[in-house]
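Notes follow the structure.
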Amino acid sequence: MSGVKNGRARTGARPGADTSTDPYFPRHGNGGYRVAHYDLELDYRPSSGRLSGRAKISATAEHALSGFSLDLGEFRLDRVLVNGRRPARYTHRAGKLRVRPADPLPAGAPFTVEVRYVGTPRPIRSKHWGDLGWEELEDGAIVAAQPTGAPSWFPCNDHPADKAAYRISVTAPSPYTVVANGVLESRTTGAGTTTWVYGQPAPTSTYLATVQIGPYEMLDVAAGSLSQPVSQPAAVPARLLADFAHDFARQPEMMSAFEGFFGPYPFQDYAVVVVDEELEVPVEAQALSIFGANHVDGRRGFERLVAHELAHQWFGNSLTVADWRYIWLNEGFAKYAEWLWSQASGGRSADELAARSWATVAAMPQDLRIGDPGARHLFDDRVYERGALTLHALRAVLGDDAFFTVLREWTAQHRHRTVTTAEFTALAQRHTSRPLGDLFRSWLQETRLPEQPRLGAR
């Protein structure tokens, strides 16, 4: 990245830059402008897999622009308008929609671009993680876009640092339930179809935008909870309702515990969707998490994953990496939240789980710097485990009072913004007179595993 100003990373270094300077995904993201709002109107027919869409994007030019680009997958375009005027000239190939408005855009000028498109959404092929983005289910659709799958279903500036508000309207056959980011603002039923409109005012990265469509039953996990005012809707296949009710029963208690550890929950609500198919791992989205049917067993066998995905609402979603090099700030923190919940709920202590994790990592190759793991190893188990161990090592040095103060200050100071490793280490250093440079260097920037951290060993 070319730098961070006011918590927001710049995604282009020159006027009208066609792509970002992201070191991992240089073909995703676009320079020259910042998006403020996505207004998406989608019509989806599960029987044919056909999606027709209208995307109206409100943005501001960072530089004088004679043209700009958006990321978009394989769709047929009907028209592209800039500022609601006559159609703009454009080309669309190799995942880039390049737009040349009739009049150049002055520096600092707000503008809108409207794109009408239609086709069968195709996931974005990735080199290391398979298909990303919009995928058909046996009965419905799922969007799991991390890290680069957003262009599979809407035109966007696909870089985590360009966070924007969303309005998502989806029309689907009436037997289907639609869940998207944010609060359900309206639901209107017509001749065989229902239009669902969701609003997410909190700044959201493109990879965290999502739509889930399926024959789900709706319930509220937090209904009847006196201690947890955050609404927690869930969309679940009817056959899994009883097991789900048991497996997720402690989610409101988990939310309260995390608010104590991390500070106030950063969004208006928190939704969960369970798709009626198996997923390798659950997936987080903004104020929403997606689980597979295989993660619901009626025995709370996957409760650590419930904790992990909930923790991402603070670490990854409210606080979003300025670029993908800093992925440990997402995954290490969410992994550590698993250990905190285990101890808070009467399970193994964080110290015990850290010891187990250290032994696991010690048996793995010692050849990864998790502070800059490279695109191939973005979701390597060592990023998760060693990231959590980094936090445990910091906690052992700071002590509990200072450590949890750091976490709460971290989430408060950077709420709904982007973050870097340097910002976190600087914050931690302000809470102790003991130099922390060697600690962070050994855990994040060196390949050899440091000694096992233990609480009370200062």
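The residue list E423, E409 contains one member that is outside any loop (DSSP other than H, G, I, E, B) and buried (at least 19 other Cβ atoms within 10 Å of the Cβ), which is E423.
For D381, the test of being of a type outside the set (F, W, Y) and surrounded by fewer than 20 Cβ atoms within 10 Å (Cβ to Cβ) is passed.
Within the range 253-265, not a single residue is surrounded by fewer than 18 Cβ atoms within 10 Å (Cβ to Cβ) and of a type in the set (A, V, I, L, M, F, W, C). Name the single residue, out of those in the range 369-378 being closer than 22 Å to A337 by Cβ and in contact (Cβ under 8 Å) with a residue 40 or more places away in the chain, that is surrounded by the most Cβ atoms within 10 Å (Cβ to Cβ). Per the criteria, the residue is I370. Restricting the range 165-186 to residues that are small (G, A, S) and buried (at least 19 other Cβ atoms within 10 Å of the Cβ) leaves a set whose member that is nearest to Q232 (Cα to Cα) is G182. If only residues of the range 108-134 that are β-branched (V, I, T) and surrounded by fewer than 17 Cβ atoms within 10 Å (Cβ to Cβ) are counted, the one that is nearest to P147 (Cα to Cα) is T120.
Restricting the range 268-277 to residues that are in contact with a strand residue (DSSP E or B) (Cβ under 6 Å, 6 or more places away or on another chain) and either part of a helix (DSSP H, G or I) or of a type outside the set (A, V, I, L, M) (or both) leaves a set whose member that is nearest to E409 (Cα to Cα) is Q268.
Filter the range 82-107 down to the residues that are surrounded by 16 or more Cβ atoms within 10 Å (Cβ to Cβ) and of a type in the set (S, T, Y) and list them by number. Within the range 82-107, just Y90 meets the criteria. Among the residues of the range 203-244, which ones are closer than 30 Å to D71 by Cα and either among the β-branched types (V, I, T) or surrounded by fewer than 20 Cβ atoms within 10 Å (Cβ to Cβ) (or both)? Of everything in the range 203-244, those that are closer than 30 Å to D71 by Cα and either among the β-branched types (V, I, T) or surrounded by fewer than 20 Cβ atoms within 10 Å (Cβ to Cβ) (or both) turn out to be T204, T206, T210, V211, I213.
The strands (runs of 3 or more DSSP E) found entirely in the range 41-145 that carry 1 or more residues being over 29 Å from P173 (Cα atoms) and among the basic types (K, R) are 89-93, 96-100. Residues that are among the acidic types (D, E) and in contact with a helix residue (DSSP H, G or I) (Cβ under 9 Å, 6 or more places away or on another chain) do occur in the range 130-150. Being part of a helix (DSSP H, G or I), crowded, with 21+ Cβ neighbours inside 10 Å and in the same structural domain as E338 (by TED's automatic domain parsing) is true of L391.
The values are calculated or read from the model by the stated rules, or taken from the named source; none is laboratory data. Since the model is a prediction, treat every value here as computed from it, not as a measurement. In this analysis, Cβ positions are derived from the backbone assuming ideal geometry, glycine residues included, and neighbour counts consider all displayed protein chains.
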